[in-house]
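**Q** Supplied in C-alpha cells, the structure appears directly below.
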Amino acid sequence: MSIKDTGSSNIITANNDTTKPNIAFIGLGNMGAPMAENLVKAGYQLSVYDLSEDAAKRLKQAGANVANSPKDAANNAQIIISMLPAGKHVHSIYLGENGANGLLAELPRGTLVIDSSTIAAADARLVAEVASKLGIDFLDAPVSGGTGGAIAGSLTFIVGGDDDAFAKAEPILSVMGKNIFHAGEHGAGQVAKICNNMLLGILMAGTAEAINLGVKNGLDPKVLSDIMLQSSGRNWTLEVYNPYPQVMENVPSSNGYQGGFMSKLMQKDLNLAMQTARDTDVETPMGAKATELYESHIVDNGDKDFSSIMARHDSSVLS
Ligand code: NAD
C-alpha cells in the first residue's frame, strides 16, 4: 500500500519495505501486545511505547523498536495506533493535560491516528475534532474478539470516521483482524462497540447464573454447557469463553481468571453504555442489572477476567 500524499512531509518510509508505512504503537497490554506482534510479523516497522517497561520488553523481543515516549514512538511514523485502557488515557496521550500539548500537536499533517481503545463516543469525537483542525486523520476503531482474537489476528474492528481514512487503515487493520466494519462517522465505532459489550456483559452474567443453577442441582458443568451449546441458550460465552473452570482449555476460567478481559474493563464498558443510554433517553434494564452485578464484583475482582463473575455464585471457583 502507499500513503496518500496530503501535501505534507509525512511520506517518508524508513523501513526496508518501502511499500509499508512506519507504525507507532502505544499501549501494549493484554490486547495491544499481541496486536503489535502481528504487525511486526507481517513486516511492518514498529516503534512502540508503554508506561510499563515489562510490557515493552515483549515487543522488543518480537523485533520492535522500544521508544521512551509517545512522541519518540511517533517520530517518523505515518500511522499511530493506540490500545489504552480508557478515555482519560487516550485524552492524556493525544490532547495532553491541558487539551493542547498532547501528541496530536506534534504530528505532521496527513498522519493517520487509529485508536482501538474502548472509550466514550463523545471522547473519540473530541479527539477527532482536534485532529481534524491539525490536518490529521483520526479513526475510532475499537475491537471485539478478546485476547484470543488479538493473538490469532482475527479481531473484529468497528470503525468510525471518514471514508478516506478508513480506506488507508483497512490494509493495516486486516493484519490484526478478520472483519473490518465501517460503522459510520466519528464515534460510530464506539457506539457499536458498547452496544456489543453491554450484550456481552449480560450474556456472561446470565451464563454464569445458568451454569450455577445446574451445578447446584447436581449437574456436571461440562455436561450442562454441552447441552446448552446445542440448545437455544447457545451464545459466544458458551462457544469460546466458558466461565466455569476446566470446562474449556485455554480460557481464563481454567487459568485462575488471569489475562483475558479484566472485570474492571467490562465495568467501564457497561458504564459507557449506561451513560449513552441516559444521554439519549433509551431504556436498558438488562444492561443496568449487569452493570450492578459487575459493580459489586469488581470490589475484590477488578483485575480478574470478566468471566470470574462466576465467583459471585460459587467463590470456590477462584481457588
Ligand atoms: P490492559 O490494561 O491490559 O493494557 C493497557 C496498556 O496500556 C497497559 O500495558 C498500560 O501500561 C498501558 N498504558 C496505560 N496508560 C498509558 C499511557 N499513558 N501511555 C502508554 N501506555 C499506557 O488493557 P487491555 O485488556 O489491553 O485493553 C485495552 C483496551 O481494549 C481497553 O479499552 C479495553 O476495554 C479494550 N478491549 C479489551 C479486550 C480484552 O479482551 N482485553 C477486548 C476488547 C477491547
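The values are calculated or read from the model by the stated rules, or taken from the named source; none is laboratory data. Computed from a predicted structure; not experimentally measured. We place every Cβ from the backbone using ideal geometry, glycine too, and count neighbours over all the protein chains shown.
**Q** Tell me yes or no: at least one residue of region 207-227 is of a type in the set (Ser, Thr, Tyr), buried (at least 21 other Cβ atoms within 10 Å of the Cβ) and free of Cβ contacts under 8 Å to residues at least 40 places away in the same chain.
**A** Checking region 207-227: at least one residue is of a type in the set (Ser, Thr, Tyr), buried (at least 21 other Cβ atoms within 10 Å of the Cβ) and free of Cβ contacts under 8 Å to residues at least 40 places away in the same chain.
**Q** Restricting to helices (runs of 4 or more DSSP H) lying wholly in region 109-196: which have 2 or more residues that are touching a Cys at 6+ places or on another chain (Cβ under 8 Å) and either among the polar types (S, T, N, Q) or without any contact (Cβ under 8 Å) to a residue 40 or more places away in the chain (or both)?
**A** Qualifying helices (runs of 4 or more DSSP H): none found.
**Q** Please go through region 276-313 and pick out each residue that is among the polar types (S, T, N, Q) and modelled with pLDDT of 95 or more.
**A** Thr284, Thr291, Ser296, Asn301, Ser307, Ser308
**Q** Then there's this: Take the residues in region 103-121 that are more than 21 Å from the chain's Cα centre (by Cα) and small (Gly, Ala, Ser), then tell me which one is farthest from the ligand (Cβ to nearest atom).
**A** Once the filter is applied, the top-ranked residue is Gly110.
**Q** For region 267-278, state whether one or more residues are in a loop (DSSP other than H, G, I, E, B) and either within 16 Å of the ligand (Cβ to nearest atom) or more than 19 Å from the chain's Cα centre (by Cα) (or both).
**A** Residues of region 267-278 that are in a loop (DSSP other than H, G, I, E, B), as a first pass: none.
Looking for residues that are in a loop (DSSP other than H, G, I, E, B) and either within 16 Å of the ligand (Cβ to nearest atom) or more than 19 Å from the chain's Cα centre (by Cα) (or both), one finds none in region 267-278, hence no.
**Q** Restricting to region 43-63, give me the number of residues that are part of a loop (DSSP other than H, G, I, E, B), in contact with a strand residue (DSSP E or B) (Cβ under 8 Å, 6 or more places away or on another chain) and farther than 19 Å from Thr19 by Cβ.
**A** 1
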